[in-house]
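Asker: Shown below is the structure under consideration.
The values are calculated or read from the model by the stated rules, or taken from the named source; none is laboratory data. These numbers come from a predicted model, not from an experiment. In this analysis, Cβ positions are derived from the backbone assuming ideal geometry, glycine residues included, and neighbour counts consider all displayed protein chains.
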Amino acid sequence: MNDIDLNADLGEGYGPWRMGEDEALLQVVSSANIACGFHAGDPVIMDRTVRQAAARGIDIGAHVGFPDRQGFGRRVMQIDAGELASMVVYQLGALAGIARAAGCRMTHMSFHGALGNLAAADAALADPLVRAVADFDPALIISSSASAAIEGAAARHGLALASTFLADRACDEQGLLVPRRLAGAVIHDEAQVLARVRQLLREGTVTTHGGAVIPLRAQQILVHGDTPGALALARAIRAEIEFGGARVRPVSALLADRLVSSAHG
């Protein structure tokens, strides 16, 4: 069994309002996707989360979404692709600046919520957004659930890509996440989530929303920090990984190992 990164979406509060158990989750995960102020988060929360992650040697990533705090970035917004590309760069710059001031660097990024779902399903949208990431920093890793659109764009623009398994979200036969409005799209039962993790780790497959079994090679397992019970779930997933003989390691270390192996093999 290969080592794997365990990551979580963090920093999703605003002002005095807290979302999730970030400090406790940072004791369990190996990388963090930090909200950049558009769908959630603010400069103070970003700074605190970055510094706490850096102190534990946890990879720091930008979680980039629509400018939609009220809808938590999960509502589709009709915005020109060029404008969205500028918004992507804006959010990357915000977190990169905070990381630099804290004496660390941003290692990866991911698209949040509705923006991520749209880009994953539409190559014409994925390309300018991924190009914006590459223009900002070609060393960034893109973290994404299975998506031919994002994978293709990352390859064209020379970006490393980490495939992410969303343990509590159902997918279709193409690996794309099914809409949250569908029954069973969000998996709340811990035993069912752990069974999916076990299947991924042991067999390299996932069972789709429609019941088909498809292959999935993932470098990351994601826990949604805003989900009730996220901390207990993250601990249980980590225990499942380690029980199977694998290690939980930051995604940047995993991809660096992959590059070394490719160079020697």
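Asker: Scan (1) in contact with a strand residue (DSSP E or B) (Cβ under 8 Å, 6 or more places away or on another chain); (2) closer than 24 Å to VAL29 by Cβ; (3) touching a residue at least 24 places away in the same chain (Cβ under 8 Å) for the single condition ILE214 breaks and write down its number.
Answerer: Failing condition for ILE214: (2).
Asker: From the set of residues in the range 184-230 that are farther than 21 Å from SER143 by Cα and in contact with a Leu (Cβ under 8 Å, 6 or more places away or on another chain), which is modelled with the highest pLDDT?
Answerer: HIS209
Asker: Search the range 55-71 for residues being touching a strand residue (DSSP E or B) at 6+ places or on another chain (Cβ under 8 Å) and over 14 Å from VAL28 (Cα atoms), and hand back the single one that is modelled with the lowest pLDDT.
Answerer: Here the residue is ARG69.
Asker: Could you give me the residue pairs with C-beta distances under 7 Å whose first residue belongs to the range 36-63 and is closer than 26 Å to ALA253 by Cα, whose second residue is surrounded by fewer than 17 Cβ atoms within 10 Å (Cβ to Cβ) wherever it lies, and which are 6+ apart or on separate chains?
Answerer: GLN52/GLU23
Asker: I'd like the residue in the range 68-118 that is of a type in the set (Phe, Trp, Tyr) and buried (at least 17 other Cβ atoms within 10 Å of the Cβ) and, out of all such residues, is farthest from PHE136 (Cα to Cα).
Answerer: Filtering first and then ranking leaves PHE72.
Asker: Then there is this: Out of the residues in the range 146-174 meeting the condition of being closer than 15 Å to VAL197 by Cα and of a type outside the set (Lys, Arg), tell me which one is surrounded by the most Cβ atoms within 10 Å (Cβ to Cβ).
Answerer: For the range 146-174, the residue satisfying everything is ALA167.
Asker: Among the residues of the range 2-50, which ones are part of a loop (DSSP other than H, G, I, E, B), of a type in the set (Asp, Glu) and within 21 Å of ALA246 (Cβ to Cβ)?
Answerer: ASP3 - this is the single residue of the range 2-50 that is part of a loop (DSSP other than H, G, I, E, B), of a type in the set (Asp, Glu) and within 21 Å of ALA246 (Cβ to Cβ).
Asker: Another one. For residues that are hydrophobic (A, V, I, L, M, F, W, C) and surrounded by 23 or more Cβ atoms within 10 Å (Cβ to Cβ), scanning just the range 134-145, find the one that is nearest to the chain's Cα centre (by Cα).
Answerer: Out of the qualifying residues, it is ILE142.
Asker: Can I ask one more? Against the condition under 18 Å from the mean Cα position of the chain (by Cα), surrounded by 13 or more Cβ atoms within 10 Å (Cβ to Cβ) and farther than 25 Å from GLY20 by Cβ, how does LEU216 come out, does it pass?
Answerer: yes
Asker: Considering only the range 102-116, I want to know if a residue exists there that is outside any loop (DSSP other than H, G, I, E, B) and of a type in the set (D, E, K, R).
Answerer: Among the residues of the range 102-116, not one is outside any loop (DSSP other than H, G, I, E, B) and of a type in the set (D, E, K, R), which makes the answer no.
Asker: Taking the conditions exactly as written (in a strand (DSSP E or B) and hydrophobic (A, V, I, L, M, F, W, C)), does ILE142 satisfy them or not?
Answerer: Considered against the rule, which asks whether it is in a strand (DSSP E or B) and hydrophobic (A, V, I, L, M, F, W, C), ILE142 comes out as yes.
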